[in-house]
Ligand SMILES: Nc1ncnc2c1ncn2[C@@H]1O[C@H](COP(=O)(O)OP(=O)(O)OP(=O)(O)O)[C@@H](O)[C@H]1O
Ligand SMILES: [Mg+2]
């Protein structure tokens, strides 16, 4: 009955309660939507950036990430690839070899990072093929072919159909030299990539660089980055069995990870402020309602209710109020996130900046239990803690003084 | 055979405030309330009636002297223990506005029974029964605001009685009632006293209440000026 009494007490001042509920519901709705939106944009940002070149994770020889020398190799990747692809989370694993070379066209020459890739599998990992602006992507039957970034092609004055000379150091230390035909030119929108990156068929690359079937990395992809993140322990174990290391998305793109962390920190400050403001407003309302009922509490004490019982009743009131308020907010926030999750959110004139960060022009909020519940839970938790203030006031009441108040 | 008093006050003094503003509300009060008493406590305004009732009902503690309720001394008791003592031994009826506004008549009564830990079905029956006893049959589900002053006071009497306390204390229970309603309420308390032997102490100015009393205590300036049985 104390619970029922607490519940009814909330509705004594229907207008006041409605206002409190609106405040809490609005704040919770905002938190649910904003977290879903923000994390949703991180999701697309990560996926987009990783899908340009890296993949959702990579297996590399130890030390390759920090010092990518062509001599650091996985000798025979076929077993590794088969094991990786046997995981349900991994849809494709594709081997690559990388060389830092000089590309030359007549008088002009520029440093570039050339990757030997499997043209068939790579289509499922990188978006290079879909970002081809002139010519065509690499094909399975290509041999002495190359696709390169738009800025790199421009610097070298190369067009589709032109030939380019490649000069580098082979795995055995000899000079690796080749002449390749430009079949396609891509634009990712990310300056460093468009200025430095070129792809050629893996087999030709291994011949040119005398690699004898070895590769420098195996990139993997799954349906969802989250799946791959969840599979990390198993991916690590597989890599270890092949004397290699597993690199997760954050290790592949530390700058993106940092940017997200920074953005999350500033956003958390804002969310935290919102939560605290709401909690104080609710606390103030409840404290007033406790003050107003001093006489009544005196009577309850007189009939034998213990101060602690009245205190708990008041505490329950604040918790009920916050459960209802945040509950409404969660429903509304989920509704908003669901709607915009379908139609997406666009920001006029921001596309340029967005694409630098790998963001698509439309951002889709995405809900997870954490994103939906984090904000409202914080409100409820803080309100429950703040409830100690009215609780303590009730504990201090003396029946006679209270009744005469 | 000697019967033990339900409440006994020995050398009770109550001083409010300090220094210039000090008020000596009760002076060396010795009083025994006996089982079955139907006592009225009268005296001019400010003579200490409310203060004394509060002592007798464990709502407040004396500055000096001792109050013993049903063999238990209030000395050294904490807030929670005093609450328990009131819950188990004392019923209160105040001047007005002493029901919980969001609870119905029946729930106001059940509420006290719940504090006693009585199971819900039993609570409900007991509350119905006592409401019938005080003549409120059919009004069980009304909230206090939907009841007249006299009806509210009947609910208050029912609530005070329902847990079968050793003593019921009423402080000016008729102050806000017209004479017909006053008469009915006094009759009710008087009947309960006769039929069930419930002990009542009623603080009042009202001659219509005093008419029925079997014991009349007069306070003057915080002292007991007279204490007569009739
Ligand atoms: N909390 C308090 N603080 C200070 N003085 C008080 C307090 N309560 C009562 N008094 C004083 O104690 C004296 C006795 O008050 P009490 O309320 O017991 O009188 P009463 O006989 O009930 O009067 P009334 O008929 O007006 O209800 C009065 O002088 C009153 O002003
Ligand atoms: Mg009084």
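Being assigned to a helix (DSSP H, G or I) and within 14 Å of chain B (Cβ to nearest Cβ) is the filter here; which residues of the stretch A:258-307 pass it?
We begin by selecting, within the stretch A:258-307, every residue assigned to a helix (DSSP H, G or I); these are A:258-292, A:294-302, A:307.
Result: A:289, A:292, A:294, A:295, A:296, A:297, A:298, A:299, A:300, A:301, A:302, A:307.
So which of A:384, A:402 is part of a helix (DSSP H, G or I) and within 16 Å of ligand 1 (Cβ to nearest atom)? Write out each step before concluding.
Numbers: A:384 fails: within 16 Å of ligand 1 (Cβ to nearest atom).
After applying the criteria, what remains is A:402.
For the structure I just gave you, tell me whether residue B:31 is within 12 Å of ligand 2 (Cβ to nearest atom), surrounded by 15 or more Cβ atoms within 10 Å (Cβ to Cβ) and assigned to a strand (DSSP E or B).
Taking the combined requirement at face value, the residue does not satisfy it.
On the basis of being surrounded by fewer than 19 Cβ atoms within 10 Å (Cβ to Cβ) and within 16 Å of ligand 2 (Cβ to nearest atom), does residue B:175 make the cut?
Working: surrounded by fewer than 19 Cβ atoms within 10 Å (Cβ to Cβ): yes; within 16 Å of ligand 2 (Cβ to nearest atom): yes.
So residue B:175 fits the description; yes.
Suppose the filter is within 16 Å of ligand 1 (Cβ to nearest atom) and either in contact with a strand residue (DSSP E or B) (Cβ under 7 Å, 6 or more places away or on another chain) or within 13 Å of chain A (Cβ to nearest Cβ) (or both); does residue B:169 pass it?
yes
Looking at residue B:98, is it more than 14 Å from ligand 1 (Cβ to nearest atom), within 14 Å of chain A (Cβ to nearest Cβ), buried (at least 21 other Cβ atoms within 10 Å of the Cβ) and within 16 Å of the chain's Cα centre (by Cα)? Let's see the steps before the verdict.
Numbers: more than 14 Å from ligand 1 (Cβ to nearest atom): yes; within 14 Å of chain A (Cβ to nearest Cβ): yes; buried (at least 21 other Cβ atoms within 10 Å of the Cβ): yes; within 16 Å of the chain's Cα centre (by Cα): yes.
It is true that residue B:98 is more than 14 Å from ligand 1 (Cβ to nearest atom), within 14 Å of chain A (Cβ to nearest Cβ), buried (at least 21 other Cβ atoms within 10 Å of the Cβ) and within 16 Å of the chain's Cα centre (by Cα).
Could you please let me know if residue A:225 is more than 30 Å from residue B:85 (Cβ to Cβ) and touching a strand residue (DSSP E or B) at 6+ places or on another chain (Cβ under 6 Å)?
Spelling it out, it is not the case that residue A:225 is more than 30 Å from residue B:85 (Cβ to Cβ) and touching a strand residue (DSSP E or B) at 6+ places or on another chain (Cβ under 6 Å).
Kindly evaluate residue B:8 against the criterion of being within 13 Å of ligand 2 (Cβ to nearest atom) and more than 14 Å from chain A (Cβ to nearest Cβ).
Working: within 13 Å of ligand 2 (Cβ to nearest atom): no; more than 14 Å from chain A (Cβ to nearest Cβ): yes.
For residue B:8, the condition - within 13 Å of ligand 2 (Cβ to nearest atom) and more than 14 Å from chain A (Cβ to nearest Cβ) - is not met.
Output the residue which, of all residues in the stretch B:46-73 that are away from chain A (no Cβ under 13 Å) and free of Cβ contacts under 8 Å to residues at least 40 places away in the same chain, is nearest to ligand 1 (Cβ to nearest atom).
Here the residue is B:46.
Is there a residue being more than 18 Å from residue B:115 (Cβ to Cβ) and within 13 Å of ligand 2 (Cβ to nearest atom) anywhere in the stretch B:69-91?
No: the stretch B:69-91 contains no residue that is more than 18 Å from residue B:115 (Cβ to Cβ) and within 13 Å of ligand 2 (Cβ to nearest atom).
Inspect all residues belonging to the stretch B:198-209 and state whether any of them is part of a loop (DSSP other than H, G, I, E, B), within 24 Å of residue B:115 (Cα to Cα) and either away from ligand 1 (no atom under 16 Å from the Cβ) or under 15 Å from the mean Cα position of the chain (by Cα) (or both). Let's see the steps before the verdict.
Of the stretch B:198-209, the ones part of a loop (DSSP other than H, G, I, E, B) are B:198, B:204-206.
Among the residues that remain, those that are also within 24 Å of residue B:115 (Cα to Cα) are: B:198.
Those still in the list that are either away from ligand 1 (no atom under 16 Å from the Cβ) or under 15 Å from the mean Cα position of the chain (by Cα) (or both) too: B:198.
Yes, some residue in the stretch B:198-209 is part of a loop (DSSP other than H, G, I, E, B), within 24 Å of residue B:115 (Cα to Cα) and either away from ligand 1 (no atom under 16 Å from the Cβ) or under 15 Å from the mean Cα position of the chain (by Cα) (or both).
Restrict the check to the stretch B:191-200 and report whether at least one residue is buried (at least 21 other Cβ atoms within 10 Å of the Cβ) and within 16 Å of ligand 2 (Cβ to nearest atom).
no
Out of A:310, A:328, I need the residue that is within 30 Å of residue A:8 (Cβ to Cβ), assigned to a helix (DSSP H, G or I) and within 14 Å of chain B (Cβ to nearest Cβ). Which one?
A:310
Can you tell which of B:142, B:154, B:124 is in contact with a helix residue (DSSP H, G or I) (Cβ under 8 Å, 6 or more places away or on another chain), within 14 Å of chain A (Cβ to nearest Cβ), closer than 26 Å to residue A:5 by Cβ and more than 16 Å from ligand 2 (Cβ to nearest atom)?
Only one candidate qualifies: B:124.
Please find, within the stretch B:74-93, the residue that is surrounded by the most Cβ atoms within 10 Å (Cβ to Cβ) out of those that are more than 7 Å from chain A (Cβ to nearest Cβ) and not in a helix (DSSP H, G or I).
The residue in question is B:91.
Report the residue count in the stretch A:167-194 for those that are in a loop (DSSP other than H, G, I, E, B) and surrounded by 20 or more Cβ atoms within 10 Å (Cβ to Cβ).
Of the residues in that region, 2 qualify.
All but one of (1) in a helix (DSSP H, G or I); (2) away from ligand 2 (no atom under 16 Å from the Cβ) hold for residue B:51, so report the exception by its number.
Against the list (1) in a helix (DSSP H, G or I); (2) away from ligand 2 (no atom under 16 Å from the Cβ), residue B:51 comes up short only on (2).
A short reminder: the numbers here are calculations on the coordinates, not readings from a lab. Source: prediction; values computed, not measured. Backbone-built Cβ (ideal geometry, glycine too); neighbour counts: all protein chains shown.
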